[in-house]
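Below you will find the structure I want to go over with you.
Just so it is clear, none of the values below were taken in a lab; they were calculated from the coordinates. Just so we're clear, the structure is a prediction, and the values are computed from it rather than from any experiment.
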Amino acid sequence: MRSYVSTTLRIDITMAGTPMRILHTMLRVGNLERSVDFYTRVLGMQLLRTTDRPEQKYSLAFVGYGDEQSGAVLELTHNYGVDKYELGTGFGHIAIAVPDAAAACEQVRAAGGKVTREAGPVKGGTTVIAFIEDPDGYKIELIESKLAR
């Protein structure tokens, strides 16, 4: 049974009394090593675990800022023989909280990453955001947050 308890900013969904939560987001990548390097070296995530399934012709790498028990992570999936994907129009972006969006852009740029929108207020608001792109073209929003300090 699902129960929906709504507050101003949060919906609490449980199944049989156990809270549900997002575990991971899967991104298909053209080169697993290149993507792991970007998320770990450029964005400072940790490589949490890898799985190689040669019979099924795919490999996985899980990366994140903490372990999978404490927060959501990214699952990077490489299908053998595929070096590029069409990103489509349905996916938007991944969002990461940072203490200083402008400084984060400089760090990404210095590490060889691509900044697609410099740090500045969101249109019509005051929250400072920036956008970068991973090696496969996935957009990553950097949101300046006091909580990240």
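Past 32 Å, Cα to Cα, is the threshold; run Lys114/Lys146; Lys57/Lys114; Lys57/Lys139 against it and keep the listed order.
Table pairs above 32 Å Cα-Cα: there are none.
Taking every DSSP beta bridge that has both residues in the chain, what percent is antiparallel when rounded to the nearest 5? Display every interim value, and only then the final one.
Details: 30 of 40 bridges.
Taking every DSSP beta bridge within the chain, about 75 percent pair in antiparallel fashion.
Taking only the alpha-carbon positions of the stretch 32-129 and ignoring solvent, what does the Debye formula give for the base-10 log of I(q)/I(0) at q = 0.16, 0.21 Å⁻¹?
-0.86, -1.26
Give me D for the stretch 21-83 in µm² s⁻¹, whole number, from Stokes-Einstein with Rh from the Kirkwood sum over alpha-carbon pairs, 4 °C and 1.567 mPa s.
Numbers: Rh = 11.8 Å.
It comes out at roughly 110 µm²/s.
Sort all Cα-Cα distances of the stretch 93-149 into consecutive 10 angstrom bins from zero, then give the percent of pairs in each bin up to the one containing the longest distance.
Each 10 Å bin holds this share of Cα pairs: 26, 58, 16, 0.
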